1. Considering only residues that are touching a Gly at 6+ places or on another chain (Cβ under 8 Å), part of a strand (DSSP E or B) and either open to solvent by 30 Å² or more (accessible area, probe 1.4 Å) or of a type in the set (F, W, Y) (or both), which ones fall in the stretch B:1-58?
2. Any residue that is within 11 Å of another protein chain (Cβ to nearest Cβ) and not in a helix (DSSP H, G or I) - is there at least one of those in the stretch A:437-447?
3. In this structure, is B:H95 touching a Leu at 6+ places or on another chain (Cβ under 8 Å) and more than 8 Å from chain A (Cβ to nearest Cβ)?
4. Quick one: would you say B:I150 is in contact (Cβ under 8 Å) with a residue 40 or more places away in the chain, farther than 23 Å from B:Y68 by Cα and touching a helix residue (DSSP H, G or I) at 6+ places or on another chain (Cβ under 7 Å)?
5. Touching a strand residue (DSSP E or B) at 6+ places or on another chain (Cβ under 7 Å) and assigned to a strand (DSSP E or B), is that true of A:A377?
6. Kindly indicate the residue of the stretch A:355-368 that is assigned to a strand (DSSP E or B) and touching a residue at least 60 places away in the same chain (Cβ under 8 Å) and also nearest to A:G68 (Cα to Cα) among those meeting that condition.
7. Could you tell me how many of the residues in the stretch A:381-414 are more than 7 Å from chain B (Cβ to nearest Cβ) and either assigned to a strand (DSSP E or B) or open to solvent by 20 Å² or more (accessible area, probe 1.4 Å) (or both)?
8. Could you say which residue among A:P197, A:P189 is in contact with a strand residue (DSSP E or B) (Cβ under 6 Å, 6 or more places away or on another chain), over 19 Å from A:F50 (Cα atoms) and surrounded by fewer than 20 Cβ atoms within 10 Å (Cβ to Cβ)?
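The values are calculated or read from the model by the stated rules, or taken from the named source; none is laboratory data. Predicted model only: the values in this text are computed from it and were never measured. Virtual Cβ from ideal backbone geometry, glycine too; neighbours counted across all protein chains shown. Note: areas computed on protein heavy atoms with side chains; ligands, DNA, RNA excluded. Shrake-Rupley method; radii C 1.70, N 1.55, O 1.52, S 1.80 Å.
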Amino acid sequence: MPQSNPINTSYPLGFHEPEKYFFKSEKGLSEKVIENISWHKKEPEWMRKFRLDALKIFYSKTLPTWGGELGKINFNNIYYYIKPTNKKAVSWETLPEEIKRTYDRIGIPEAEKKYLGGVSAQYESEVVYKSIQKTLGKKGVIFLDMDSGLREYPELVKQYFGTLIPPHDNKFAALNSAAWSGGSFIYVPKGVRVELPLQAYFRINAANMGQFERTLIIADEGSFVHYVEGCTAPIYSTDSLHSAVVEIFVKKGARVRYTTIQNWSTNVYNLVTKRMRVEEDGVGEWIDGNLGSKLTMKYPSVYLMGKGARGEILSIAYAGPGQHQDAGGKAIHFAPYTTSKITSKSVSVGGGRTSYRGLLQVFQSAKGSKSKVVCDALLIDDASRSDTYPTMDIKQNNTQIEHEATVSKIGDEQLFYLMSRGLSKADAEAMIVNGFIEPIVKELPLEYAVELNRLIQLEMEGSVG
Amino acid sequence: MKNVVIVDHLIKNQEFIVKNSENKTFLIFLTDLKNQQGDLKISIKGKKANVQILGIIIGSGDQQIKLYTFQDHKAPESTSDLFIKSVLFDKSRFHYEGLIKIEKGAQKSNAYQKNQNLLLSDKAWAESKPYLEILANDVRCTHGATIGQIDREQLYYLSTRGLTEKEASKLLITGFCQDILDRLPDEKLKASLMKKIETKINLLLSN
């Protein structure tokens with residue numbers, strides 16, 4: 001995919017977004033660009049310095065030599081900060097038929113369709129957001145975009161920001177630290193349970209699908225929150241590089257579940273660092289679905305720091321033609337009696353490649369820990385590829401560690417059986433794939449689960465022609 | 001024995017080629033006190049070949065063992081089955097990295113990989129990286145790895161039958177290794193290797 005001009009480039013589907021912006025930084029990365037972003041957002045001095053330091057770290061770090069092919073990213077051909085207008089981007093009529101059809105088939109609501117297609121710059125959720133804000137406010141829950149969070153709660157942000165994923169963690173964390181914009185800021189006070197999943201698109205006052213999103217969630221002792229980002233419908237983006245950082249602090253006895261469904265268009269590099277720090281008896285859960293993008297490299301991790309802490313990672317990857325999903329999870333046991341479970345399901349079709357990459361580390365301080373990793377891969381045709389790259393590093397003998405993985409194809413008998421009952425080949429394959437990923441889909445909020453199943457059905461139709 | 005190859009020390013770039021319909025067993029058997037590092041590559045270039053790769057590793061002292069295995073399936077309809085166990089005493093460390101690669105033309109291949117590690121001291125380390133790279137779809141591949149200590153319940157059960165802790169441990173460790181030896185096609189070889197293992201375990205447990 002040519003990456004010549006990520007802003008003006010036409011979509012693979014021939015869909016353009018006109019350039020109408022309040023403010024746009026100059027192309028490429030420089031101290032001046034970063035200073036400009038910080039100035040434009042009227043940030044405190046420490047954040048300006050944080051960004052500039054991160055930029056130096058970004059320059060000093062090399063690209064990872066493992067994982068996907070990153071050599072084609074041109075960091076100087078990217079606009080690092082664009083403040084979007086509130087005007088309509090394009091009209092519904094000009095959207096290509098294929099996109100509209102996808103939206104229809106998945107069955108998403110009209111207002112959401114327009115938002116996703118870039119027709120309305122903001123999802124019409126103002127009313128919903130306001131009423132949610134009111135209920136949350138009563139409980140003392142803070143739910144803002146990251147820029148507003150920094151403005152309104154500078155002390156709280158300063159205490160946590162960049163402490164779990166420091167800029168020197170990796171090259172892309174450094175890039176995000178320098179150029180971040182948007183993302184969510186959530187604080188849940190002690191003992192408060194947020195029953196409704198908080199969804200990124202409830203927020204109306206910020207572009208939430210930014211290139212360099214930065215999310216910070218703090219769940220205080222004994223609290224609970226479920227955060228949902230992304231959506232199953234394809235997101236058409238002109239930006240060729242998305243690099244988010246998500247830091248989550250789970251305090252004693254708290255529980256946080258973070259659900260992501262990523263479906264970027266297939267011109268996007270999606271390189272994300274996500275980490276949760278779980279204290280005593282806390283529970284951290286990642287549900288991570290990767291369907292879109294050209295290349296995704298994302299390994300949500302749980303750092304089990306307190307006695308009895310628990311981490312769970314569920315990952316689905318779906319790679320179609322030209323796609324590489326390099327995804328997985330990491331569980332690191334620092335404290336005694338901690339437990340973790342990683343379940344990964346991947347599907348490769350039409351020449352797509354999925355790789356599971358994971359780390360399981362048990363330090364000597366983590367007596368009595370238990371962990372289980374299960375990876376299953378499904379290869380639909382002989383052009384596709386599946387890899388499994390787990391690492392287990394165990395420095396404590398009083399542990400129970402298990403890893404297992406299988407790679408297989410759709411069974412001929414299964415297909416034959418379903419087709420003998422009158423299903424077409426595509427329907428039968430879709431049914432089998434949906435059954436394969438079911439253990440993870442059932443953990444998703446209902447509307448996401450329904451959309452995901454329909455999307456897979458649609459993709460499978462295309463794959464067998 | 002023509003069909004069993006015993007690898008009792010590790011070297012760099014060790015490669016064996018397996019041809020059409022060959023039936024071969026490789027046994028990695030490392031029970032002495034040396035530090036060891038090396039790789040074992042099995043290139044399956046023939047159809048309908050059947051390969052077993054077995055391993056017993058007993059580490060002790062501050063011994064370090066680094067083992068890389070590579071099951072490279074280049075031809076269709078072949079099977080490779082790897083099963084490696086380590087028993088780690090004292091401050092010994094075992095790094096294992098194993099790759100199964102099924103190349104594009106190697107349809108209808110079956111490949112398995114299993115690595116089990118028993119840590120007998122709180123200073124022993126094990127690192128396991130069982131990798132898969134699958135480029136053909138009509139295949140069956142699985143891998144699994146476990147790391148843990150002697151099952152407390154099994155020890156308890158044996159002690160209720162009157163065994164001392166040392167006797168019970170010995171029984172459980174040799175049983176853990178027996179699992180591998182049982183897959184050897186040669187009874188004589190099996191018995192002589194078991195003897196070696198028993199002597200070694202006896203020595204290590206009485207330290």
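1. Passing the criteria: B:Q14, B:F29.
2. Within the stretch A:437-447 (the criterion being within 11 Å of another protein chain (Cβ to nearest Cβ) and not in a helix (DSSP H, G or I)), the answer is no, since none of the residues qualifies.
3. Against the criterion (touching a Leu at 6+ places or on another chain (Cβ under 8 Å) and more than 8 Å from chain A (Cβ to nearest Cβ)), B:H95 qualifies.
4. no
5. Answer is yes for this residue.
6. A:S355
7. 4
8. Testing whether each residue is in contact with a strand residue (DSSP E or B) (Cβ under 6 Å, 6 or more places away or on another chain), over 19 Å from A:F50 (Cα atoms) and surrounded by fewer than 20 Cβ atoms within 10 Å (Cβ to Cβ) leaves just A:P197.
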